[in-house]
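Student: One structure is given below, represented as structure tokens, and several questions about it will come after.
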Amino acid sequence: MKQLYILITAFFLLSWTSTFSQIGKNPINLSDPNEINYLQPKDYVIGGITVSGAQYLDAEVLITISKLVVGQYIEVPGEATANVIKNLMAQNLFDDVQLWASRIEGEDIFFDIRVQERPRLTRIDINGLSKSQTEEIRKRLNEGAGKIVNENLLQSTRSTIQRFLREKSFLYPDIKIETFKDTAQANNEIVVVDVEKNKKIKVRKVNFAGNEIFSNNQMSKFLKGVKPRKWYRIFGPGKFKEDKYNEAKETLVAKLQDRGYRDAQILSDSIYRYDENEIAIDIEVYEGPKYYVGSIDWTGNTRYKDSVLNIILGIERGDVYSEEKMITKLMGPTRNSDDISALYQNDGYLTFSINPVIKRINQDTVDLEIQVSEGKQYTINNVIVKGNDVTNDRVVLRSIYTKPGQKYSRELIMRSVREISQLGMFDEQKITPDIPSSTMNHEEGTTDVVFNVTEKPSDQVELSGGYGAGQIIGTLGLTFNNFSTSNLFKKDAWKPLPRGDGQKLSVRGQTSGKRYQSYSFSFTEPWLGGKKPIYFGLSAYTSNSSYGGFNMFTGEQMVRDSELNRIWMTGVTASLGKRLQWPDNYFQINSSLSFQRYKLQNYGNYFLFSDGTAYNVNFTQEISRNSVDAPIYPTSGSHIKFSVQLTPPYSLFNDINYETAADNVKYKWTEYHKWKFDSQWYTKVVGKLVVKTQAQFGYLGSYSDETPTSTFERFKLGGDGMQGFDFLQGSEILAMRGYANGTVIPESTGNGFQQIAINSGSPIYAKYQLELRHPVMLNEQATVFVLAFAEAGNTWNKFSEVNPFKVRRAAGVGARIFLPIFGMLGIDYGHAFDPIPGMSSSNWKQNFTFSIMQNMGGF
């Protein structure tokens, strides 16, 4: 038996010696169990390590990953040699890894790590998508040549495309990914992705389970953003978007909790395919019991008594418990700043905080403790403006309501933001107030207020040309909204004009050659003297137009100048205005004095006389209140304006017999009194959807029965409302979409196109407007919004005819684009419902109207 044991031991020793002796002559693959016997390991010292087959990867890095170290003792074969393969393959960089023992010299072993790298990416080709969609996916993939082509890359590509298409409502696309060798580069591959988007997926129905208190219809309304198929939805069900669906689920739970069901939650939901183009959604909810408010205890309040805070809170014992309403009334923001937080923060308590705590829930009653931390009253140390690279600091600082030395007030800071936006020189979306913590002195109770602004281009240019009435009319207008007279004589300030003082300078010219010319100039200074908000304005214009005696096709004048039908107009206006503090500081008053001269030559039936000169000296008093939150795209507030324009009552003291006097004597001095009212209201409906309502009225009267109502200063209703070229000068142009310019005339004027052509306007008008607006883009480069409108209006010749409910109606859609350099550009499509008697629809209808409006604010 002992002899047998010795023989077996000798056999294994011989086998072991034979196996490893081969290494000295021929390399052995240590990762191949057929070439190495794992039952006979031996300890060696690593004498050297080489890497074979690596083209792109660093050999030293691969050796580090293998965890083999020269000079290290290692058991061969053993766990350490097996881990070399495992560690390198885990990097997902290789198709094959082998560990070879290249040779053995005594106790030293030399390893060779042989690798086969996976192919590299040349590019990813995506087929089946639009150019813009492909570019967006490429950005998300962040693809680059040289990446390893492996399963992870292919799966990541698939997931990215699926996620992108899911956002676009393509829930079930077919995506096929293949790889092809790149013949131009060795060991490189091209990944080709073929995408079939299939149709966008819509919501067929939403099934609710677990709801006992609320009906399915109510639950569907709470699930805002998900619109299943309904018979009354003209355009079918809404497209399914996963992000909107997730928001809708949160809204659903919030709506239930807002109605007292504070334990409400969604237990489960599932989305499954209903048919090829639609999905169905199952939602299981838990409503829970309805809760009511119990006792409300206040702690920590010393500035205001419990009774005062309870009145502002507006929640009493027995009310339905609504956490949303509670938080809103405690922390705001509320529409009228009537929340508890506003009460304190408008009184200087900058660090004020409040925390409602549920003390006890007794069956369906919730007892509350509202913990108040008033902190210290803060006063403002410094007011700083940052980001105004062009506009002078004083222009911004004089407009805001937050002043050094005042108590901190959240309301005044928000009012200041509004006033800065009204200047029209900064991006309204990027005006951000800040209270830097580094400036807060907690011991003294002082802080700085910083207003961060971003300048935007405010100068505007109007360059247009048009063809009408047989002539080409060109227009060039320049408006500089941040002009500076104080820098006029500073050479370095002309870039191209001196800027920074918030003044406004406008020049405009319009001409068609000899037949029509018009030039105007205006200058406004919102802070006359620079210390008080006293507005000063100066404007002047001159124009002349002729008709008759011209070749309609060539424009050539066919008669002498004295035989032309011509009107010259010249005028100058000076204005002063002031911001008021009563009834509140949104009010302002404006007074202006104007002089105008009208000179007529052979002007036919267009005015009360055809030859001669008339003068118009008038005084206008205007009071207005403007509380809109932004000049370009208002979302809240109102703008109400009432004005009276008066001329001296010449007929009462000039001793002229108006029955026998010649026309050029009778109408030399124009007399009238003119009354106008305009109100605009802006209300946010939901999200960014805004409704604008407007009502306008105007009346032009005379002082005496001896003198007819003035031909000048009348109202012309219809069209785009642009004060451009018009044969009948001296009228106020009022827009009404759907109708052609000036076609909404009183019924008593007469019928037919001729009556409109010779009508110089009406003395009375009324107009109403309802407009729904939704923004498409709101940034400093452009403001774009779409709208739907309904309008109604009419004109009358005398009060006995006035019926404010008997109006001409129109409705339509439109869009507005505000570009800082051009102002507001508009296009509308309107449909008029009520015809003009005696005219064919081709004459009084005007479906499309275009408008250019540069004056967006004003005093």
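Bear in mind these aren't lab numbers, they're just calculated from the coordinates by the rules spelled out. Remember, it's a predicted structure, so these values are computed and weren't measured experimentally. As a convention, Cβ positions derive from the backbone with ideal geometry for all residues, glycine included, and neighbour counts pool all protein chains shown.
Student: Extension gain residue 840-residue 644, at 0.36 nm per residue separation less the Cα-Cα distance, in nm?
Tutor: Working: separation 196, 0.36 × 196 = 70.56 nm, distance 3.73 nm.
Length difference between fully extended and current span is 66.8 nm.
Student: Just need the relative contact order of the chain here, percent rounded to a whole number, with Cα pairs under 8 Å and 6+ apart. Spell out each step's value before the answer.
Tutor: Details: 1911 pairs, mean separation 41.5, N = 859.
Averaging sequence separation for qualifying contacts and normalising by length gives 5 percent for the chain.
Student: How far is the Cα center of the stretch 679-725 from the Cα center of the stretch 241-310, in Å?
Tutor: 47 Å
Student: Quick check: net charge around residue 844, other residues with Cβ under 12 Å of its Cβ, Lys/Arg +1 and Asp/Glu -1? Walk me through the numbers before you get to the answer.
Tutor: Numbers: positive: 808, 845; negative: 834.
Result for the neighbourhood of residue 844: +1.
Student: Work through the residues other than residue 272 whose Cβ is under 12 Å from its Cβ and net out their charges, Lys, Arg +1 and Asp, Glu -1. Please list the in-between numbers first.
Tutor: Details: positive: 204, 205, 273; negative: 269, 275, 278, 282.
It works out to a net charge of -1.
Student: From the list [x] 1.06; [y] 1.15; [z] 0.98, can you say which value of Rg/Rh (Cα atoms, Kirkwood Rh) was derived from the structure given?
Tutor: Of the listed options [x] 1.06; [y] 1.15; [z] 0.98, [y] comes from this structure.
Student: Right, another one. With N residues in the stretch 51-143, what two-decimal value do you get for its Cα radius of gyration over 2.2 N^0.38 Å? Could the numbers behind the result be given before it?
Tutor: Numbers: Rg = 19.6 Å, N = 93, 2.2 N^0.38 = 12.3 Å.
Against the compact-globule rule of thumb, the ratio is 1.59.
Student: Would you be so kind as to identify which of 436, 446, 396 lies farthest towards the positive end of the dipole of the stretch 379-452, taking Lys and Arg as +1 and Asp and Glu as -1 on Cβ and the Cα centre as origin?
Tutor: Of the candidates, 396 comes out farthest on the positive side.
Student: Hey, any idea what Rg/Rh is for the stretch 202-286, computing Rh the Kirkwood way over Cα pairs?
Tutor: Working: Rg = 12.6 Å, Rh = 13.1 Å.
Here the Rg-to-Rh quotient is 0.96.
Student: For the stretch 764-859, run through the GluC sites (Glu not before Pro) and keep only the ones in DSSP coil with at most 15 other Cβ atoms within 10 Å of their Cβ. Don't skip to the end; give the middle numbers.
Tutor: On the way: sites: 771, 780, 791, 801; in loops: 780.
Loop-located and lightly packed - 780.
Student: Describe numerically, in nm with one decimal, the distance between label points set 7 Å from Cα along Cα→Cβ at residue 267 and at residue 254.
Tutor: With each label placed 7 Å out from Cα toward Cβ, I get 2.5 nm.
Student: Cβ under 14 Å from residue 450's Cβ, residue 450 left aside: what net charge do those residues give with Lys, Arg +1 and Asp, Glu -1?
Tutor: Numbers: positive: 386, 430; negative: 393, 434, 448.
After counting each charged neighbour, the total is -1.
Student: Shifting gears a bit: Roughly how many whole Å is it from the C-alpha centroid of the stretch 493-516 to that of the stretch 169-195?
Tutor: Spelled out, the Cα-based centre of one part sits 59 Å from the other.
Student: May I ask you to give the average projected area over all directions of the convex hull of the Cα atoms of the stretch 120-196, in nm² rounded to one decimal? Walk me through the numbers on the way to the answer.
Tutor: Values: hull surface 19.3 nm².
Taking a quarter of the hull surface, the average projection is 4.8 nm².
Student: With θ set to phi - 60° and the Karplus curve 6.51 cos²θ - 1.76 cosθ + 1.60, what are the ³J(HN,Hα) couplings of the stretch 348-360 in order, to the nearest whole Hz, using x for Gly and Pro?
Tutor: Rounded to whole hertz, the list is x, 7, 5, 8, 4, 9, 9, 9, x, 10, 7, 7, 7.
Student: Per-residue ellipticity at 222 nm for the chain, helices alone: DSSP H runs ≥ 4 residues times -39500 (n - 2.57), over residue total, nearest 500 deg cm²/dmol? Display every interim value, and only then the final one.
Tutor: On the way: 15 runs with 146 residues, N = 859.
So the helix-based figure for the chain works out to -5000 deg cm²/dmol.
Student: Oh, and also: Give, in nm to one decimal, the length gained when the segment between residue 815 and residue 610 is fully stretched (0.36 nm per residue of separation minus the Cα-Cα distance). Each step should come with its number before you reach the end.
Tutor: Numbers: separation 205, 0.36 × 205 = 73.80 nm, distance 4.19 nm.
Roughly 69.6 nm would be gained on extension.
Student: What trypsin sites (Lys or Arg not before Pro) in the stretch 768-830 are in a loop by DSSP, with at most 14 other Cβ atoms within 10 Å of the Cβ? Don't skip to the answer; put the middle values down first.
Tutor: Numbers: sites: 773, 798, 806, 808, 809, 816; in loops: 798, 806.
Those that pass, being in a loop and sparsely packed, are 798, 806.
Student: Okay, moving on. Give, rounded to the nearest 20 debye, the magnitude of the charge dipole that the chain has about its Cα centre when Lys and Arg contribute +1 at Cβ and Asp and Glu contribute -1 at Cβ.
Tutor: So the magnitude is around 1980 debye.
Student: Given the peptides 337-346, 574-583, arrange them by the average over their residues of other C-beta atoms within 10 Å, most packed first. Write out the running numbers ahead of the final one.
Tutor: Details: 337-346: 19.4, 574-583: 14.0.
Ranking, from highest mean packing down: 337-346, 574-583.
Student: By how many nm would the segment from residue 694 to residue 748 lengthen if fully extended, with 0.36 nm per residue of separation less the alpha-carbon distance? It would help to have the intermediate numbers written out before the result.
Tutor: Working: separation 54, 0.36 × 54 = 19.44 nm, distance 2.65 nm.
Length difference between fully extended and current span is 16.8 nm.
Student: Could I ask something else about it? Given labels modelled 7 Å from the Cα in the Cβ direction, how far is it in nm from residue 407 to residue 274?
Tutor: 5.8 nm
Student: List the relative contact order of the stretch 292-373 as a percent without decimals, with contacts defined as Cα pairs under 8 Å and 6+ residues apart. Working shown, then result.
Tutor: Values: 123 pairs, mean separation 31.3, N = 82.
Relative contact order of the stretch 292-373: 38 percent.
Student: Something else now. What ranking do 78-85, 687-694 get when scored by the average of other Cβ atoms within 10 Å per residue, highest first?
Tutor: For the peptides 78-85, 687-694, the packing ranking is 78-85, 687-694.
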